[in-house]
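Only one structure is covered here, and it is reproduced in the block below.
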Amino acid sequence: LGMRFQSATRGEPSEIIIHVRMLDEANVDQQEALGVIGVNLIYGAFYYHQPEKLIASLNENLPPERIQVDMIKFSGPAYAEVDNRLMSLQLVSQGLTNAVMFTADGESVQPAEILHKKTILVERGSFRPVTYATNDMLEGARKIFLRQPEAKEEDLVVLMEMTLENLLAEGQLNHADFLARVDILGSLGRTVLISKFGEYYRLAGYLSRYTNKMVGLVMGVPSLHEIFDEKYYLNLEGGILEALGRMFKSGLKLFVYPLEDDESGGLITATQLEVAPNLRHLFQYLIENGFIQEITDYHRDYLKIFPPDVLARMRAGDPTWENMVPPEVSRMIKARQFFGFRQPVAA
């Protein structure tokens, strides 16, 4: 759905394009919803000069269970200062959709364009900043993923996912911080997914909407431990059994990066994870059937790298943070003063 208009007499046209996902079952209801959102778009283009207000108005007189807007693009002189990545973020934060996606060059895209009938590998994180461990985890998972008989490299799509909950960790959305993370991921050639899927089973359900091929989720041992914490599934009638059933029903696999134990210095791998006694047989079933797999190809030194530690050193002016991130990430952070970077303290 699109709107093209002139904001000045004889001026160049400006344009707004949105992708609407219709959730009504009956065609007549879909037609009605499309008409309402079309009127809202036209009205907003002429009367709401702040794109955020226009986005908020798109679903006026439409309950959220009838439509989702999962892509929006502003262009032209009326929107010369608009960053479409921030507008995509607005779609999620204002509740118009559960997830948005943009490519490494910052182009907002409809998820189906990227994911349709593809094999998908997703790494969730804060990416604040991207570290050697971030890339090591992904590369180790990628090698195992491509060994699976149903995975082909030419069909593989790699996504770096950030949740809205993570972006709101400091209480409110920080646009500069968000763009810093996205710019760094873009410089590494990564496609970015922003979602409201706090629980992994919801992410799995979203991805299965677009593909019937293999999906892999990349995570560390702490995230795997959270998956087997029953407190996260109190809202489901079937509890953890329902959540895991929904997560693994399409053959999804978890690729788990080991953790170095602070006290003993030993490794905690996926198969060594201690879960609640009543879940041990379920956990073992998933291990033995290949739904949970260890990442075995990794750099031991990178296991000690954690983004919060890198961030703290960076802000304290401790130059050792540069040894924890790839050179291109370090250069971008210093050149553009990302994440509160401070110059090293003189000795």
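Okay, here's what the table says:
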read-out: Extreme residue, farthest from the chain's Cα centre (by Cα), among residues of region 303-347 that are basic (Lys, Arg) and farther than 21 Å from residue 178 by Cβ; value: 313
read-out: Region 270-280, residues that are under 25 Å from residue 141 (Cβ atoms), surrounded by fewer than 15 Cβ atoms within 10 Å (Cβ to Cβ) and touching a residue at least 12 places away in the same chain (Cβ under 8 Å); value: 271
read-out: Residue pairs meeting the criteria (Cβ under 8 Å; at least 6 apart or on separate chains; first within 10 Å of residue 314 (Cβ to Cβ) and modelled with pLDDT of 85 or more, in region 326-347; second assigned to a helix (DSSP H, G or I) and among the acidic types (Asp, Glu)); value: 330/322; 338/183; 339/177
read-out: Some residue of region 148-162 being in a helix (DSSP H, G or I) and out of contact with any helix residue (DSSP H, G or I) (no Cβ under 7 Å at 6 or more places or on another chain); value: yes
read-out: Qualifying residue in region 246-258 (condition: within 23 Å of the chain's Cα centre (by Cα) and on the phi > 0 side of the Ramachandran plot); value: yes
read-out: Where a residue in region 123-152 is over 19 Å from residue 309 (Cβ atoms) and its partner, wherever it lies, is in a loop (DSSP other than H, G, I, E, B) and among the aromatic types (Phe, Trp, Tyr), with Cβ under 8 Å and at least six apart; value: 140/298
read-out: Residue 242 vs. criteria surrounded by fewer than 13 Cβ atoms within 10 Å (Cβ to Cβ) and either in a loop (DSSP other than H, G, I, E, B) or over 20 Å from the mean Cα position of the chain (by Cα) (or both); value: no
read-out: Residue check, residue 298 of a type in the set (Phe, Trp, Tyr), closer than 23 Å to residue 120 by Cβ and either more than 22 Å from the chain's Cα centre (by Cα) or part of a helix (DSSP H, G or I) (or both); value: yes
read-out: Single unsatisfied condition, residue 178 versus (1) within 14 Å of the chain's Cα centre (by Cα); (2) under 24 Å from residue 118 (Cβ atoms); value: (2)
read-out: Which numbered condition residue 87 fails, given (1) surrounded by fewer than 21 Cβ atoms within 10 Å (Cβ to Cβ); (2) assigned to a helix (DSSP H, G or I); (3) at pLDDT 95 or above; value: (1)
read-out: Residue in region 38-51 that is in a loop (DSSP other than H, G, I, E, B), closer than 22 Å to residue 86 by Cα and in contact with a strand residue (DSSP E or B) (Cβ under 7 Å, 6 or more places away or on another chain) present; value: no
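Results for (1) of a type in the set (A, V, I, L, M); (2) outside any helix (DSSP H, G or I), shown as yes or no for each residue.
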site	(1), (2)
247	yes, no
250	no, yes
254	yes, yes
262	no, yes
285	no, no
290	no, yes
320	no, no
333	yes, no
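The values are calculated or read from the model by the stated rules, or taken from the named source; none is laboratory data. Predicted model, so just to flag it, every value in this text is computed and none were measured. Cβ sites come from the backbone with ideal geometry, for glycine too, and all protein chains shown count toward neighbours.
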